[in-house]
Amino acid sequence: MPKSRLVIFSDLDGTLLNHENYRWQQAAPALERVAEAGIPLILNSSKTAAEIRVLRQQLGNTDPFIVENSAAVVIPPDIFGSDSEQVVHFGASRTEVLKVLSAQRDSGARFRGFADMKDDELAQLTGLDSASSARARERLGTEPLVWQGSEEELKRFEAALAAEHLRLVKGGRFYHAMGIFDKADGARFLLNKYRELYQERYGDQQLTAIALGDSPNDQQMLEEADIPVVIRGVNSKEVQLPSEKHAMRSLKPGPAGWNECVLNLLFEYGY
């Protein structure tokens with residue numbers, strides 16, 4: 001009998017997906033084991049709902065997912081008792097974010113956001129194809145951008161956004177202008193949902209949350225988990241691991257590191 005019920009939250013770019021080519025196949029053995037064990041795998045990313053839907057189809061994933069750093073949580077039908085898909089929103093809308101960014105540009109801030117780009121331009125910048133780039137631009141509450149100013153200007157830009165109740169978060173590839181929410185908000189919301197569901201199904205059996213990420217953008221999500229796992233990557237050394245928790249860092253980067261760490265944890269917890 002497993003020690004406890006597991007729920008896994010995972011970042012995508014640089015974590016489950018290779019940073020260069022967005023492939024996940026190196027994590028296939030662990031993904032198969034997770035699916036066989038019936039463990040919810042919650043994809044938690046700066047990616048849009050349109051992007052994550054395509055990946056979920058490839059993975060055969062049917063669990064809830066968190067989009068745009070917790071701009072929204074998407075809950076498929078029949079997960080928590082609803083017969084239709086539910087979308088729960090957090091923080092400022094994209095329209096509000098773009099309004100603030102426009103005012104900052106008028107004040108001299110130098111950046112280029114997704115709203116400024118055509119699909120082909122974004123494809124060239126990211127290596128995505130044109131259709132994938134179009135999905136990346138279908139946003140609910142955040143605006144990724146490439147900063148083009150100096151470090152000093154960046155500090156002033158961050159302060160100006162903060163004065164408008166927005167945040168600027170550094171991800172693996174872009175900065176993200178967004179409301180006052182982070183990846184932990186969606187994770188916390190779903191953890192509470194799963195605790196209620198599992199209490200009803202299994203009584204007092206413990207629920208253990210595993211979270212995997214590779215950049216400072218994942219810090220709050222990792223801190224929310226019982227087992228934070230930092231996957232080796234471009235900015236992974238900037239991520240702080242809580243000393244009081246069962247925390248780990250992968251030796252391998254991207255999906256290879258994801259695969260290794262998840263398989264080790266599944267073995268440890270008797271799955």
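Bear in mind these aren't lab numbers, they're just calculated from the coordinates by the rules spelled out. Here the structure is a predicted model, which is why all the values come from computation and not from measurement. Cβ placement follows ideal geometry from the backbone for every residue including glycine, while neighbour counts extend to all protein chains displayed.
Structure notes:
- Stretch gain in nm, segment Ser82-Asn235, where the contour uses 0.36 nm per residue and the Cα spacing is subtracted: 51.2 nm
- 11 Å beta-carbon shell around Ala247, net charge (K/R +1, D/E -1): -1
- Most mobile listed residue (Gln26, Gln220, Gln205) in the chain, GNM with C-alpha springs under 10 Å: Gln205
- Taking each residue as 0.36 nm, the span from Glu32 to Ala103 lengthens on full extension beyond its C-alpha to C-alpha distance by 20.8 nm.
- Over the residues of the chain, the helix contribution to mean residue ellipticity at 222 nm works out to -11500 deg cm²/dmol, using -39500 (n - 2.57) for each DSSP H run of at least 4.
- Label-to-label distance, Gln206 versus Asn264, with points set 7 angstrom from Cα along the beta-carbon direction: 1.9 nm.
- DSSP loop GluC sites (Glu not before Pro) with at most 13 other Cβ within 10 Å: longest gap in the chain: 139-243
- Amide H contacts of Gln86 (H built 1.01 Å from N, in plane; Pro and chain starts excluded): Ile75 sit under 5 Å, all sequence-distant by 5 or more or on other chains.
- Other residues lying with their Cβ under 10 Å from the Cβ of Ala50 contribute a combined charge of +3, Lys and Arg counting +1, Asp and Glu -1.
- Tensor-based shape of segment 80-192 (alpha-carbon gyration tensor, a/c under 1.5 rounded, otherwise prolate or oblate): oblate
- Where both bridge residues fall in the chain, DSSP classifies roughly 50% of the beta bridges as antiparallel.
- Site pair Arg156 and Asp116 shows an inter-label distance of 1.6 nm when each label is modelled 7 Å from Cα along Cα→Cβ.
- Segment 99-149 and segment 42-61 have their alpha-carbon centroids 20 Å apart.
- Principal axis dimensions, largest first and in whole angstrom, of segment 175-271 by Cα: 42, 37, 24
- In segment 80-145, trypsin sites (Lys or Arg not before Pro) in a DSSP loop with at most 14 other beta-carbon atoms within 10 Å: Arg110, Lys118
- For segment 94-178, the dipole from Cβ point charges (+1 on Lys and Arg, -1 on Asp and Glu) about the Cα centre works out to 160 debye, to the nearest 20.
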